[in-house]
Amino acid sequence: MIALDSSPGGFLRIRSWLAGPARIAIFGVWFWFCADATARAADLAEAQTLFRTGRYDECAALAGREIRAGGGEEWSLIKIEAELERGKVSEANDTLNEALGRFSRSVRLRLAARRVHLAGGRAGDAAADLETIEELIVRAGGRYSAPEDRLALGRYFLMRGADARTVLERFYDPVVKDHPDLIEGYYATAELALGKDDFALAAATLRKAPKSAALDPRSHALLAEALENDDSAGSAREIAEALKINPRHVPSLLLEAERQTDAERYSEAAEVLKRALEVNSRDPRALARQAVLAFLNGDSAGAAALRERALEGRPSNPEVDYLMGRALSAKYRFLEGSGHQRKALELDPEFAPARLQLAQDLLRLGEESEGWELASQVLSKDGYNVVAFNLVALKDHLAGFRTLEADGLIVRMDPREADLYGARVVDLLRRARKTLCARYDVELKAPILVEIFPDHKDFAVRTFGLPGADGLLGVCFGRVVTANSPRSQGESPANLEAVLWHEFCHVVTLSKTRNRMPRWLSEGISVHEEARADRSWATALNPKYREMILGADLTPLSKLSSAFLAVKSPLHLQFAYFESALAVEFLESTHGLAVLKEVLSDLGAGTALNEALPRRTRMTLDQLDRAFGDFARAKARATAPNATWEEPELPAAADSTAVSAWLRDHPNSFWGRRRLAARLIVEKKWGEAKTVLESLKALYPEYTSADNAYTMLAEVYRNQSDARSETRELEELAARRGDAGPAYIRLMELDRAAGDWTGVARNARRMLAVNPLVPAPHRMLALAAEREGNLTEAVAAARAVVALDQIEPAESHFQLARLLERAGDRAGARSETVRALEEAPRFLEAYRLLLDLERARTSALAKPEGPKP
């Protein structure tokens, strides 16, 4: 067969040793609208407009008239595309045959022939079309120098398994450079990039397209697909724009149906698919998505029937099962999704998208051996595939991780981090498993895999196959959990123990429901259980959330899944988590844990949530929505009930006198009092600041965000040398906030000075839950544990200090040696003492300890042996 030569200056060469076509998925609709010498430009432009705006029958009729008048191949191409859009395969085949009689050497028509033959289930003829193109190129390759022909050749070589980068460099890039006004060049590049999961290239390319692309729904649909993963709101806008231009644009309707399905608005998705099928009642993509909706609604028989309908025209079409499986995996139904990918590969073993999706599904199911092998297979055949490349690179990196196993748990971590806090992770997961499984009546039979990544990019690739996932701390797929380590989060990491508790709760609830639960309920239960496990892990009802609840942002309980779709801002996404947890609190407090568990069991049996909730709560959805709204608003009003929320309209440098004057007209303004307190601290008016801060704390005790009353009062007391009061304020903050790192560090210092070693240990452990990669909490825990007689914990903490301390390594080795000697490990103590002396040869205390160890060793050797029997 023909292959591309990627050597400099190469164009087309025959490589007979390349056997068998390698088909890859090319997304989008292929048609080419360029002026032909035999076509009148004005009439062709009219046909293009009819096509772009969804008037496909009128477009085909106009093209038919022009063909009968002797019009060129452009008219045949556009007529074929219009007829295929309407599912009129027989008519498209007639148009094709007539055109091939006149333009038998057209590569573009031969590619159109392949589409027609595939749509008619004629796989053999479709394969023959590619062979014919090869013959045309061999006989007269130089004939195809027009930009439209070069794009067609690029598509042909991609279908034959050519290297995608070579196609870009030899065909698409030159066309875009030399013909910047030819929109099709941008579309070809974007479709190639989307087929390789290179969403960044696709988006960048489409944004460079000529202004006229804004009038084409195809451009908006492609950009919507490129933005889908990283900018869901932007993707939704592009879909809306496409459908405004052409309400019958099937690719955009399919994207919108997928968007509605993701939001669990299944009836809305069904309506969108109905519109798509009105355009083409045989469209296999729309029928596949209808099958998914039937399955998600518990109608397995209906799903199977719709799948059969989708395959009627082309029984060997792998795209049907691929699309079904991908949609199910997006709903965390990885087992069912992987089953459809296997069916797709049975139909076409070379269908790379199904192979890669199956690889990801298996990795998320914990079936790693086969998953990694499939990813490697995809990469070996397609070096440009971004997801496959990322996964294979990650596999090599994971080979260096350490594995910790205990009680049905498999934890993989960076070896250094495993030494520092691996035991804490395992202990936390054990407690989570015991507590949450008992609470929700779940027995986990298979091992649970937890992977903690020090590099956020690795976390994102393991989780989604691509870098990104900004803002996510952890993800649970069922029995596989991925999480970011504190090292990946910068200077202010989240509480890792809270994150792991949250994700393990997902393990439990997904197991109970067999992965059949809406996102809001899954997230809501996990956030709710964080607060139950530790008060400081609870998400506080902050002023913004209060405003959103009492305003127009509270989502009805029956529609909470939509809160996670196309969010307006990061704040709205965080609020979606908060209101979901609030809804779970409402359900449990109103109806009891038993009812909540019954709902989860119903979900596992295949009942839809909006059916299970009314059945178990004995309330209609409207009643539940009203009751939840009342519950949420009552909770918001009970938060800082006496506060008002005006903000001082004063210059940034306004002094305390000016702020006090403003407060006379707004005495209960929370923001005004907070600003006055901060200004008094700047002016070092400690007594006045204390009075204002005590009133601020009484006004809104739940507030623990920036410049909270507890932190500022602690600063006041510190400047007044009142350590006991400073400790009291910081302890109250620590009890309310699970990531208050600076407060934990200061409390360790205060407790040490007061000789409160229990307090030192408590705050050291709090700090280690947030960031176990700094030496201070380990050092303090070593001191506290030694004072409390817990030498095992003291030695472990001292080892961590040795691993982390780059400032005083000699002292760290010495302290570990001293603890080892106390614990009876003289050999270990001697080794650490020698290391201390290597770092600091004049370290007298280390010499004394070494002498003591040598005397003890000599004394032990000199002891006479006991009598022999």
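The values are calculated or read from the model by the stated rules, or taken from the named source; none is laboratory data. A quick note: this is a predicted structure, and the numbers were derived from the prediction, not measured. Virtual Cβ from ideal backbone geometry, glycine too; neighbours counted across all protein chains shown. All accessible areas refer to the heavy atoms of the entire protein, side chains included, with ligands and DNA or RNA removed. Shrake-Rupley method; radii C 1.70, N 1.55, O 1.52, S 1.80 Å.
Some points to look at:
- Among the conditions (1) hydroxyl-bearing (Ser, Thr, Tyr); (2) in contact (Cβ under 8 Å) with a residue 60 or more places away in the chain; (3) open to solvent by 50 Å² or more (accessible area, probe 1.4 Å); (4) part of a helix (DSSP H, G or I), the only one that SER281 does not satisfy is (4).
One line per residue, one yes/no per condition, for (1) open to solvent by less than 30 Å² (accessible area, probe 1.4 Å); (2) hydrophobic (A, V, I, L, M, F, W, C); (3) under 23 Å from ARG265 (Cβ atoms):
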site	(1), (2), (3)
THR463	yes, no, no
GLY474	yes, no, no
GLY478	yes, no, no
CYS505	yes, yes, no
ARG516	no, no, yes
MET548	yes, yes, yes
ASP553	no, no, yes
LEU557	yes, yes, yes
VAL567	no, yes, yes
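- Pairing residues of region 676-689 that are in a loop (DSSP other than H, G, I, E, B) with residues that are surrounded by fewer than 17 Cβ atoms within 10 Å (Cβ to Cβ), at Cβ distances under 9 Å and at least 6 apart in sequence or on separate chains, gives GLU683/ASP655; LYS684/ASN719.
- In the set (1) open to solvent by 80 Å² or more (accessible area, probe 1.4 Å); (2) modelled with pLDDT under 95; (3) in contact with a Pro (Cβ under 9 Å, 6 or more places away or on another chain), the condition left unmet by ARG842 is number (3).
- Among (1) hydrophobic (A, V, I, L, M, F, W, C); (2) at pLDDT 95 or above; (3) open to solvent by 40 Å² or more (accessible area, probe 1.4 Å), the one test that ALA112 misses: (3)
- Boolean, ALA803 is surrounded by fewer than 19 Cβ atoms within 10 Å (Cβ to Cβ) and not in a loop (DSSP other than H, G, I, E, B): yes
- Considering region 202-219, the residues that are aliphatic (A, V, I, L, M) and open to solvent by less than 40 Å² (accessible area, probe 1.4 Å) include one that is nearest to VAL567 (Cα to Cα), namely ALA203.
- Annotation note: Cβ proximity below 6 Å between a residue of region 227-249 that is touching a residue at least 24 places away in the same chain (Cβ under 8 Å) and open to solvent by 40 Å² or more (accessible area, probe 1.4 Å) and a residue that is part of a loop (DSSP other than H, G, I, E, B) and not aliphatic (A, V, I, L, M) (sequence gap 6+ or interchain) occurs for ASP230/GLY468; ARG248/GLY54.
- Residues of region 464-481 classified as of a type in the set (A, V, I, L, M), modelled with pLDDT of 80 or more and under 18 Å from ASP231 (Cα atoms), total: 1
- Hits in region 288-304 - residues which are open to solvent by 50 Å² or more (accessible area, probe 1.4 Å), of a type in the set (A, V, I, L, M) and either farther than 18 Å from SER316 by Cα or touching a Leu at 6+ places or on another chain (Cβ under 6 Å) (or both): ALA301
Rundown of residues vs (1) modelled with pLDDT of 95 or more; (2) touching a Pro at 6+ places or on another chain (Cβ under 8 Å), yes/no style:
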| site | (1), (2) |
| --- | --- |
| ARG724 | yes, no |
| LEU730 | yes, no |
| ASP751 | yes, no |
| THR758 | yes, no |
| ARG762 | yes, no |
| ARG765 | yes, yes |
| VAL774 | no, no |
| ALA785 | yes, no |
| GLU811 | no, no |
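- In region 641-690, residue farthest from GLU715 (Cα to Cα) [restricted to those that are more than 46 Å from the chain's Cα centre (by Cα) and open to solvent by 80 Å² or more (accessible area, probe 1.4 Å)]: ASP665
- Entirely in region 122-184, the helices (runs of 4 or more DSSP H) that have 3 or more residues that are free of Cβ contacts under 8 Å to residues at least 60 places away in the same chain, polar (S, T, N, Q) and out of contact with any strand residue (DSSP E or B) (no Cβ under 8 Å at 6 or more places or on another chain): none
- Residues satisfying the stated conditions in region 845-855, i.e. surrounded by 14 or more Cβ atoms within 10 Å (Cβ to Cβ) and not charged (D, E, K, R): ALA846, TYR847, LEU849, LEU850, LEU853
- Filtered residues of region 214-272 (kept if at pLDDT below 95 and part of a loop (DSSP other than H, G, I, E, B)): GLU228, ASN229, ASP230, ASP231, ALA263, GLU264, ARG265
- Complete set of residues in region 305-348 that are open to solvent by 40 Å² or more (accessible area, probe 1.4 Å) and under 21 Å from the mean Cα position of the chain (by Cα): ARG326, ALA330, TYR332, LEU335, GLU336
- Condition broken by GLU91, with the remaining ones in (1) under 17 Å from CYS59 (Cβ atoms); (2) in a loop (DSSP other than H, G, I, E, B) satisfied: (2)
- In region 416-451, the residues that are within 18 Å of ASN495 (Cβ to Cβ), crowded, with 17+ Cβ neighbours inside 10 Å and not polar (S, T, N, Q): GLU417, LEU420, TYR421, GLY422, ARG424, VAL425, VAL426, LEU428, LEU429, ALA432, LEU436, VAL450
- Members of region 623-640 that are open to solvent by 90 Å² or more (accessible area, probe 1.4 Å) and in contact (Cβ under 8 Å) with a residue 12 or more places away in the chain: ARG637
- Within region 656-671, considering residues that are touching an Asp or Glu at 6+ places or on another chain (Cβ under 7 Å) and either in contact (Cβ under 8 Å) with a residue 60 or more places away in the chain or not polar (S, T, N, Q) (or both), the one nearest to TYR545 (Cα to Cα): TRP671
- Pairs where the first residue, in region 342-359, is touching a residue at least 24 places away in the same chain (Cβ under 8 Å) and the second is among the aromatic types (Phe, Trp, Tyr) and buried (at least 18 other Cβ atoms within 10 Å of the Cβ), C-beta under 7 Å, 6+ apart: ALA344/TYR322; ALA344/PHE351; LEU345/PHE351; PHE351/TYR322; PRO353/TYR322; ALA354/TYR322; GLN357/TYR322
- Check on PRO454, modelled with pLDDT under 95, in contact with a Leu (Cβ under 6 Å, 6 or more places away or on another chain) and buried (at least 17 other Cβ atoms within 10 Å of the Cβ): no
- Test set (1) under 27 Å from the mean Cα position of the chain (by Cα); (2) modelled with pLDDT of 95 or more; (3) hydroxyl-bearing (Ser, Thr, Tyr) - SER558 fails condition number: (2)
- Filter pass, GLU611 being in a helix (DSSP H, G or I) and closer than 29 Å to ASP739 by Cα: no
- All of LEU222, LEU254, LEU194 fail the test of being within 24 Å of the chain's Cα centre (by Cα), closer than 30 Å to ALA608 by Cβ and open to solvent by less than 20 Å² (accessible area, probe 1.4 Å), apart from LEU254.
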